[in-house]
Amino acid sequence: MKQFNQMSPSRQDAILQLSKGPDFLASLRSETRHFTKETLQSASPEFSQLNESLQDQIWSMMRTFDCNSFSHSRSKSQLLYPTLARVNHSCRPNAVLGDPKPAEQDAKLHSGLEPVDLLKKALIAIEEIPEGEEITVSYLSEEDLLEPRPQRRQRLMDGFGFECFCSRCLDEDADRVLRTFRSAEGEGSTGTGGEPCEEMHVSSFADFLTKLSKEEPLSSPDELVAIAETASETLAPSHWLLRKVHYVLSCFYEKNHRPALAVEHLQGILDLELRALGRISPSKWEQKGDQLVMKGDLPQAFECYAQVLKALKLRSPEVYPIPGRDMPCEEIRKKLRSVLDGVTAAKGYPSAA
Ligand SMILES: C[S@@+](CC[C@H](N)C(=O)[O-])C[C@H]1O[C@@H](n2cnc3c(N)ncnc32)[C@H](O)[C@@H]1O
């Protein structure tokens, strides 16, 4: 409250407006995640001794912050950006929120920038956005966006307290195929795997995989290869969970310098991304390009980097340009040039290993 009272009237107004919209009012009715005034009263004797109107003001301010704040890589706490707080979530977003990278931040700090400016965020378009179309970002991670609707909706409900009504969530059929379990005849002709107990089983398995890919406890891929084999007896080849298994294997092989296997296991997740989000993810395609270079397949690597460059060029003009530092497009151009140099040096394409 003290900090709020020190702000300019226009900034105070921008923040107060956040607690007047229908979404905020709806969130007051959702007790799934958000704390109630009673929770605060029982947690803090000081709070319950304040008069009713002050309690209401503080509680509303805390809920506004809870519903609208974002994290920033440079800050350990959540921060409130009154304008960015207006951006809704979509499971097929057309923009991302970006923080300047630490090296850029430090360069700026040395050029005399106010520390508070380092906490700025940028809203970056990742595709052409026609005039009048809503700009959306994802409140979920890139990995979570590859999960089917029930899982995504559950994550949004648990983490942010709302039921998602984005265009992708309303488009049910797209996900149904990704969740199809294998039948005796092959892909696509049995149920959707939607029974509650099955979904629970599937999500704990998915969490297990995410943990595996993040914490990297695997010393040998045998366990995962066995999981992949069992899973492919039950799940259709296009099932998102099977693709996740292969992605974890791909990361394992990448770390263990087995590029041919890494590329082989990467492809499923690239297809899934294209299908779920309608576009390629530059980081995973760059990963594929790097593995193809390692494998010695320069023509395919060139194709891959060219796709990455095309995707990156769709993004807003480079944000936070720092003289003397390569921006993402330039880094990919360098990789394209080095692939071409490799081709010239070998007087033709080397054969794939
Ligand atoms: C950061 S605010 C976004 C701006 C908010 N719509 C407004 O007008 O102030 C987050 C809130 O917007 C709503 N919201 C955002 N994305 C949504 C979506 N895809 N489906 C339903 N509600 C959404 C939810 O109420 C959520 O708690």
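Could you pull out the pairs from 76/120; 76/244; 120/313; 2/76 whose alpha carbons sit more than 26 Å apart here? Before the final figure, lay out each step's value.
Values: 76/120 14 Å; 76/244 30 Å; 120/313 23 Å; 2/76 21 Å.
Cα-Cα > 26 Å for 76/244; rest within.
Show me the ranking of peptides 83-93, 329-339 by mean Cβ neighbours inside 10 Å, starting with the highest.
Sorting 83-93, 329-339 by mean packing, highest first, produces 83-93, 329-339.
With charges set only on the Cβ (+1 for Lys and Arg, -1 for Asp and Glu), what does the dipole of the range 212-294 come to about its Cα centre, in debye to the nearest 20?
Around 320 debye, computed over the range 212-294.
Quick check on the range 1-86: what does the Kirkwood estimate of hydrodynamic radius come out to from the alpha carbon pairs, in Å? Mind showing how you got there, number by number?
Numbers: mean 1/r = 0.0713 Å⁻¹.
Kirkwood radius, the range 1-86: 14.0 Å.
Tell me, rounded to the nearest percent, the portion of alpha carbon pairs in the range 215-293 spaced more than 22 Å apart.
That tail contains 23 percent of the Cα-Cα pairs.
Using θ = phi - 60° and the Karplus form 6.51 cos²θ - 1.76 cosθ + 1.60, what ³J(HN,Hα) does each residue of the range 258-268 get, whole Hz, x for Gly and Pro?
With the stated coefficients, the range 258-268 comes to 10, x, 4, 5, 4, 5, 4, 7, 7, 4, x Hz.
In nm, what is the difference between 0.36 nm times the number of residues separating residue 39 and residue 340 and their Cα-Cα distance?
Values: separation 301, 0.36 × 301 = 108.36 nm, distance 6.30 nm.
Gain in length upon complete extension: 102.1 nm.
What does the highest-first list of 1-12, 159-170 look like by mean Cβ count within 10 Å?
Details: 1-12: 9.3, 159-170: 15.9.
Those peptides, ordered most packed to least, come out 159-170, 1-12.
Can you tell me which of 262-271, 132-141 comes out highest on packing, and rank the rest after it, using the mean Cβ neighbours within 10 Å? Write down the numbers at each step before the final one.
On the way: 262-271: 20.2, 132-141: 14.9.
Listed from highest to lowest mean packing, they are 262-271, 132-141.
All other residues with a Cβ under 12 Å from the Cβ of residue 314 taken together, and with Lys, Arg as +1 and Asp, Glu as -1, what is their net charge? Could you put the intermediate results ahead of the total?
Values: positive: 279, 310, 313, 315; negative: 127, 128.
Taking every other residue near residue 314 into account, the sum is +2.
What are the ³J(HN,Hα) couplings of the range 233-238, residue after residue, when phi is run through the Karplus curve with 6.51, -1.76, 1.60 and θ = phi - 60°? Round to Hz, x for glycine and proline.
7, 9, 9, 5, x, 8
Grab the Cα-Cα distance for residue 264 and residue 119, subtract it from 0.36 nm times how many residues apart they are, and report the gain in nm with one decimal. It would help to have the intermediate numbers written out before the result.
Details: separation 145, 0.36 × 145 = 52.20 nm, distance 3.99 nm.
Roughly 48.2 nm would be gained on extension.
Under 5 Å between amide H atoms, partner at least 5 residues away or on a different chain: which partners does residue 88 have, H built in plane at 1.01 Å?
137
Provide the per-residue ³J(HN,Hα) series for the range 246-255, in order, calculated from phi with Karplus coefficients 6.51, -1.76, 1.60 and θ = phi - 60°, each as a whole number of Hz, with x at glycine and proline positions.
5, 5, 4, 4, 4, 5, 4, 5, 4, 5
Read-outs throughout are calculated quantities, based only on the coordinates presented, and are distinct from any laboratory measurement. The shown structure was predicted, so the numbers you read here are calculated from the model rather than taken from an experiment. Positions of Cβ are backbone-derived with ideal geometry, glycine not excepted, and every protein chain shown enters the neighbour counts.
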